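What follows is a single structure, written as structure tokens, with notes after it.
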Amino acid sequence: MISALLLDRLEALRAAFGRPLVITSGYRCAEHNARVGGAAGSLHLTGRAADVRADAADQLQLKRLACDLEFQEVICGNKKHYIHLALR
Ligand SMILES: [Zn+2]
């Protein structure tokens, strides 16, 4: 259910970052999305979003690299230690 384009982009991000990326959330069915408090129109519902574990020290670098790779949603979850990345 996950977008092949998203996987390609995540692989490019991993290569640029130079370290493994731990994906904490990918495709979500509607029930799961509601349970975790996801937005109604979340791109997780269409397999075009992934949340990647990122502590505070890595968030800025990952954000810059993700923007360079033209992810269209790049959102840091400050207290939850992850970065949400999506392609529309
Ligand atoms: Zn997300």
| said: Looking only at the stretch 60-88, filter to residues that are more than 9 Å from the ligand (Cβ to nearest atom), within 14 Å of residue 17 (Cα to Cα) and of a type outside the set (Lys, Arg); which one of those is modelled with the lowest pLDDT? | reply: 60
| remark: Over the stretch 68-85, the set of residues free of Cβ contacts under 8 Å to residues at least 24 places away in the same chain and surrounded by 12 or more Cβ atoms within 10 Å (Cβ to Cβ) is 72, 74, 75, 76, 80
| request: Determine whether residue 54 is of a type in the set (A, V, I, L, M), surrounded by 13 or more Cβ atoms within 10 Å (Cβ to Cβ), within 14 Å of the ligand (Cβ to nearest atom) and over 20 Å from residue 18 (Cβ atoms). | output: no
| query | When the residues of the stretch 3-51 are filtered to those that are of a type in the set (Ser, Thr, Tyr) and in contact (Cβ under 8 Å) with a residue 24 or more places away in the chain, which remaining residue is nearest to the ligand (Cβ to nearest atom)? | reply | 25
| Out of the stretch 40-84, which residues are hydrophobic (A, V, I, L, M, F, W, C) and under 16 Å from residue 15 (Cα atoms)? | 52, 54, 62, 65, 66, 67, 69, 71
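The values are calculated or read from the model by the stated rules, or taken from the named source; none is laboratory data. Just so it is clear, the model here is predicted, and its values are computed rather than measured. Every residue, glycine among them, receives a Cβ derived from its backbone with ideal geometry; neighbour counts consider all protein chains shown.
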